[in-house]
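Read through the structure below, which is laid out as structure tokens, and then see the notes.
The values are calculated or read from the model by the stated rules, or taken from the named source; none is laboratory data. On a predicted model such as this, the values are computed, not experimentally measured, just so you know. For neighbour counting, all protein chains shown are included, and Cβ atoms are generated from backbone atoms with ideal geometry for every residue, glycine included. Accessible surface areas use protein heavy atoms only, side chains included; no ligands, DNA or RNA. Shrake-Rupley method; radii C 1.70, N 1.55, O 1.52, S 1.80 Å.
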Amino acid sequence: MNRKIAVVGLGYVGLPLAVAFGKKTSIIGFDVKSSRIAELKAGLDRTGEVSDEDLASTSIDYTSDAARLQETDFIIIAVPTPIDKAHRPDLTPLVKASMTVGQNLTSGAIVVYESTVYPGATEEDCVPVLERESGLVCGKDFFVGYSPERINPGDKVHRLETVTKIVSGQTTEVLDVVAEVYGMVVTAGVHRAASIKVAEAAKVIENTQRDLNIALVNELSMIFGLMGIDTLDVLEAAGTKWNFLPFRPGLVGGHCIGVDPYYLTHKAEEIGYHPQVILAGRRINDGMAQYVVAQVLKMLIHAGTCTKEARVGILGLTFKEDCPDLRNSKVFDIVSGLKEYGLRVLACDPVADFDEICARANGVTLSAEADLQALDAVIVAVAHRQFKDAGAKKIAAMVKPGGVIADLKGVFAKEDFPGASYWRL
């Protein structure tokens, strides 16, 4: 394999990919943020996805000079694909990356997209940009492929190398090259999708399926809550059947599960079909933060606490446990919801990047864990290892006698907090 590889976008997806390739061959790692390039050159990955040892053992030529892409002929684009406030796909990062690549595209090159998109986006949205910026013709002068990322932030078991990689290309010959390149680093092997659109669709439904399953248990949690039944007790009992799916209720944030379904529904509506099941699941999951706010307020009132100016501590701000990723974290929706009622919110997260918290916190008071005392309520929002290791006694000591404990992840049990008002999803 004599392809010269470049990875465009060195975030949660791009950096692990670049590091894996950099252990096998020379590679260019490009990112528009010069600060990110400087950090990586210094051996620092603030995402926590790549260890210091792995960074040191790989050979990556880091750069923010787009002209360096002209030295390569296999370019992988791994940039975010977010949604806007109206839940519509925002392809701005993808289009900008395509412009940058197009302006530096060489004849014979293959461009592979990893960003999550709706079926058709690679060929219908990205290829025209590449052609316009390069003056080259796709399918003649250059070629495209799609290989969806399957990165699970914070997961040390299901890594790039150990998860089967879906690959696709616009021709059989291109697919062979794409499969060969990824086969260098993915020990679990590759799956050759029938087409680029099939690969795009496979990616977007992976997280749509998870979203719907979580929405189901979230709705069950609300129903059982009205019945006075503990949801986790029900799930434990039902889980004794061999084919019961072990999903648990909770907030749905992050860069994938809470975003990808909107890419699929956008495309469906564009072609004249209005999705019902998928959007119903999205409404449930998007509303869970406000449900939590309502439950905490109700508990404070029942505990005899005047809700206005009550002090509420929130343990964890990231979208998942033991991961610094704050993207689309629904914990911030809980914070803003409580603040709307005049409550004072103090937050603690030992895992998240402090600068990122400050950028996203919108007035949240950041506190050290030791400073969370004499609170009216504590919300265990994220099951970070540090909080679990601290134990129920330490968390119970944060609240006043008769205070409220809201355990969103079901880390503890009611019996762990005698004298407190305990609730979990």
- When (1) free of Cβ contacts under 8 Å to residues at least 24 places away in the same chain; (2) in contact with a strand residue (DSSP E or B) (Cβ under 6 Å, 6 or more places away or on another chain) are applied to Ser421, the one that fails is (1)
- Which of (1) within 22 Å of the chain's Cα centre (by Cα); (2) among the charged types (D, E, K, R); (3) open to solvent by less than 70 Å² (accessible area, probe 1.4 Å) is the odd one out, the single condition Arg68 does not satisfy? (1)
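Residues checked against (1) at pLDDT 85 or above; (2) surrounded by 19 or more Cβ atoms within 10 Å (Cβ to Cβ):
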residue: Ala289; (1), (2): yes, yes
residue: Val292; (1), (2): yes, yes
residue: His302; (1), (2): yes, no
residue: Lys308; (1), (2): no, no
residue: Phe319; (1), (2): yes, yes
residue: Ala347; (1), (2): yes, yes
residue: Ala359; (1), (2): no, no
- Is there any pair linking a residue in the stretch 143-155 that is of a type in the set (Asp, Glu) to one that is modelled with pLDDT of 75 or more and open to solvent by 30 Å² or more (accessible area, probe 1.4 Å), with Cβ under 9 Å and at least six apart or on different chains, and which? Glu149/Tyr12
- Task: Considering (1) in contact with a strand residue (DSSP E or B) (Cβ under 6 Å, 6 or more places away or on another chain); (2) more than 16 Å from Gly14 (Cα to Cα); (3) among the hydrophobic types (A, V, I, L, M, F, W, C), say which one Ala194 fails and leave the rest.
- Result: (1)
- Message: Out of the residues in the stretch 214-225 meeting the condition of being touching a Phe, Trp or Tyr at 6+ places or on another chain (Cβ under 9 Å) and open to solvent by 50 Å² or more (accessible area, probe 1.4 Å), tell me which one is farthest from Arg248 (Cα to Cα).
- Response: Met222
- Task: Exactly one condition in (1) more than 21 Å from Arg283 (Cα to Cα); (2) touching a Cys at 6+ places or on another chain (Cβ under 7 Å); (3) of a type in the set (S, T, N, Q) is not met by Asn207; state its number.
- Result: (1)
- If Asp211 satisfies every condition in (1) open to solvent by less than 10 Å² (accessible area, probe 1.4 Å); (2) in contact with a strand residue (DSSP E or B) (Cβ under 9 Å, 6 or more places away or on another chain); (3) of a type outside the set (A, V, I, L, M) but one, which is the exception? (2)
